[in-house]
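Asks: Please find one structure pasted underneath; my questions will follow.
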Amino acid sequence: MGSYRGVGVWGQEGRLGSRLGAISKPPSYALRTAAFSSSMGNIIRSPMAFNMKSFTKFLVPNQTPVANFYHSNIWERQDYPGWSRLAIGAKKREVGLLLDLCKDWDGPFDVLYVLSVPRTIKSSGRFQSAHPINYDDLELFLYSFQEFFEQDGRHDIWVVSLSSQNQLILDRHNNIYAYGDLTELERKLKEQEFSHATLETPLPHAHHYHSEYDSAETEVLEYWDWIKSELHPSDDP
């Protein structure tokens, strides 16, 4: 059995908002202006959508049967003073949805890996890809670690278009938060028959961190040269 820790936090009216995107302002991200080039050549894509192991990332106590909590393919627009975002909940396979939502964005891209509960290194942190990447590089990275990202609760993943400032965040609660061209994203979600509904995070709940994925954490941290920084207060699990 992998180890886990339970986390439950009450939010306004019993709801828990994204702890990455604080409701006072959209998430901050240092954008680069460096020139971009890719040397990947022809990439073989190997999505892991089939024959995946089944681990519980985000659990609702007393849920029967015991299983990962998923939403019902829903989305809502959340408007705040001066900015807006989409909150998206998918039944499963959040990595594939994230890639589909950003595949038409202008690159290059940055990745921010937010490791809040490390199990193989001493300290938590934010790990920013040191060099801009193209969409093929992004797709290969996310599909290579699809199981880990979708079935373990120790982290969040940010994808940022450096040219447009569009952003997607896959968080520990199986939510995707989208910033940027929301009208186009709404169109894509409607095409995939997502329904407009309020996205709610069940409380109480527990996040699971599995020892079976500790080697994947190491591989992610060795995948690129990362620029490490401290967690932001909103990153705490």
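Asks: How many residues are of a type in the set (A, V, I, L, M) and either under 13 Å from GLY89 (Cα atoms) or over 10 Å from the mean Cα position of the chain (by Cα) (or both) if we restrict to the stretch 149-164?
Replies: Going residue by residue through the stretch 149-164, those that are of a type in the set (A, V, I, L, M) are 157, 159-160, 162.
Now narrow it down to the ones that are either under 13 Å from GLY89 (Cα atoms) or over 10 Å from the mean Cα position of the chain (by Cα) (or both): 160, 162.
Total meeting the criteria: 2.
Asks: What is the number of the single condition among (1) in contact (Cβ under 8 Å) with a residue 12 or more places away in the chain; (2) over 15 Å from the mean Cα position of the chain (by Cα); (3) not in a helix (DSSP H, G or I) that LYS188 does not meet?
Replies: Evaluating LYS188 over (1) in contact (Cβ under 8 Å) with a residue 12 or more places away in the chain; (2) over 15 Å from the mean Cα position of the chain (by Cα); (3) not in a helix (DSSP H, G or I) leaves (3) as the failure.
Asks: Looking at LYS122, is it surrounded by fewer than 17 Cβ atoms within 10 Å (Cβ to Cβ), of a type outside the set (Phe, Trp, Tyr) and touching a helix residue (DSSP H, G or I) at 6+ places or on another chain (Cβ under 8 Å)? Lay out the reasoning, then the answer.
Replies: Numbers: surrounded by fewer than 17 Cβ atoms within 10 Å (Cβ to Cβ): yes; of a type outside the set (Phe, Trp, Tyr): yes; touching a helix residue (DSSP H, G or I) at 6+ places or on another chain (Cβ under 8 Å): no.
Answer is no for this residue.
Residue-by-condition table, conditions (1) surrounded by fewer than 21 Cβ atoms within 10 Å (Cβ to Cβ); (2) of a type in the set (Gly, Ala, Ser):
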site: SER164; (1), (2): yes, yes
site: ALA178; (1), (2): no, yes
site: THR183; (1), (2): yes, no
site: GLU186; (1), (2): yes, no
site: LYS190; (1), (2): yes, no
site: SER195; (1), (2): yes, yes
site: THR201; (1), (2): no, no
site: PRO204; (1), (2): yes, no
site: SER215; (1), (2): yes, yes
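Asks: Right, next: Would you call ILE74 modelled with pLDDT of 70 or more, closer than 23 Å to ALA178 by Cβ and in contact with a Gly (Cβ under 6 Å, 6 or more places away or on another chain)?
Replies: On the way: modelled with pLDDT of 70 or more: yes; closer than 23 Å to ALA178 by Cβ: yes; in contact with a Gly (Cβ under 6 Å, 6 or more places away or on another chain): yes.
When the stated conditions are applied, ILE74 passes them.
Asks: Also, quick follow-up: Determine whether the stretch 82-100 contains at least one residue that is touching a His at 6+ places or on another chain (Cβ under 7 Å), closer than 15 Å to GLU217 by Cβ and either in contact (Cβ under 8 Å) with a residue 12 or more places away in the chain or crowded, with 20+ Cβ neighbours inside 10 Å (or both).
Replies: No, the stretch 82-100 contains no residue that is touching a His at 6+ places or on another chain (Cβ under 7 Å), closer than 15 Å to GLU217 by Cβ and either in contact (Cβ under 8 Å) with a residue 12 or more places away in the chain or crowded, with 20+ Cβ neighbours inside 10 Å (or both).
Asks: Sort out which residues of the stretch 165-176 are under 8 Å from the mean Cα position of the chain (by Cα) and not in a loop (DSSP other than H, G, I, E, B), and write them in order of number. Step through it out loud before you land on a result.
Replies: First, the residues of the stretch 165-176 that are under 8 Å from the mean Cα position of the chain (by Cα): 168-172, 174-176.
LEU168, ILE169, LEU170, ASN175, ILE176 - these are the residues of the stretch 165-176 that are under 8 Å from the mean Cα position of the chain (by Cα) and not in a loop (DSSP other than H, G, I, E, B).
Asks: Of (1) in a helix (DSSP H, G or I); (2) over 21 Å from GLY96 (Cα atoms); (3) modelled with pLDDT of 95 or more; (4) of a type in the set (D, E, K, R), GLU217 satisfies all except one. Which?
Replies: If we test GLU217 against (1) in a helix (DSSP H, G or I); (2) over 21 Å from GLY96 (Cα atoms); (3) modelled with pLDDT of 95 or more; (4) of a type in the set (D, E, K, R), just (2) comes out false.
Asks: Can you find a residue in the stretch 121-138 that is without any contact (Cβ under 8 Å) to a residue 60 or more places away in the chain and within 23 Å of ILE88 (Cβ to Cβ)?
Replies: The first filter runs over the stretch 121-138 and keeps only residues without any contact (Cβ under 8 Å) to a residue 60 or more places away in the chain, leaving 122-123, 135, 138.
Now drop any that are not within 23 Å of ILE88 (Cβ to Cβ), which leaves 135, 138.
So far as the stretch 121-138 goes, yes, one or more of its residues are without any contact (Cβ under 8 Å) to a residue 60 or more places away in the chain and within 23 Å of ILE88 (Cβ to Cβ).
Asks: Go through the stretch 83-142 and count every residue that is basic (Lys, Arg), assigned to a loop (DSSP other than H, G, I, E, B) and in contact with a strand residue (DSSP E or B) (Cβ under 8 Å, 6 or more places away or on another chain).
Replies: So the answer is 0.
Asks: With the checklist (1) on the phi < 0 side of the Ramachandran plot; (2) surrounded by fewer than 21 Cβ atoms within 10 Å (Cβ to Cβ) in hand, flag the one item TYR209 doesn't pass.
Replies: Of everything listed in (1) on the phi < 0 side of the Ramachandran plot; (2) surrounded by fewer than 21 Cβ atoms within 10 Å (Cβ to Cβ), TYR209 misses just condition (2).
The values are calculated or read from the model by the stated rules, or taken from the named source; none is laboratory data. Owing to the predicted nature of the structure, the values given are computational and were not obtained by experimental measurement. Positions of Cβ are backbone-derived with ideal geometry, glycine not excepted, and every protein chain shown enters the neighbour counts.
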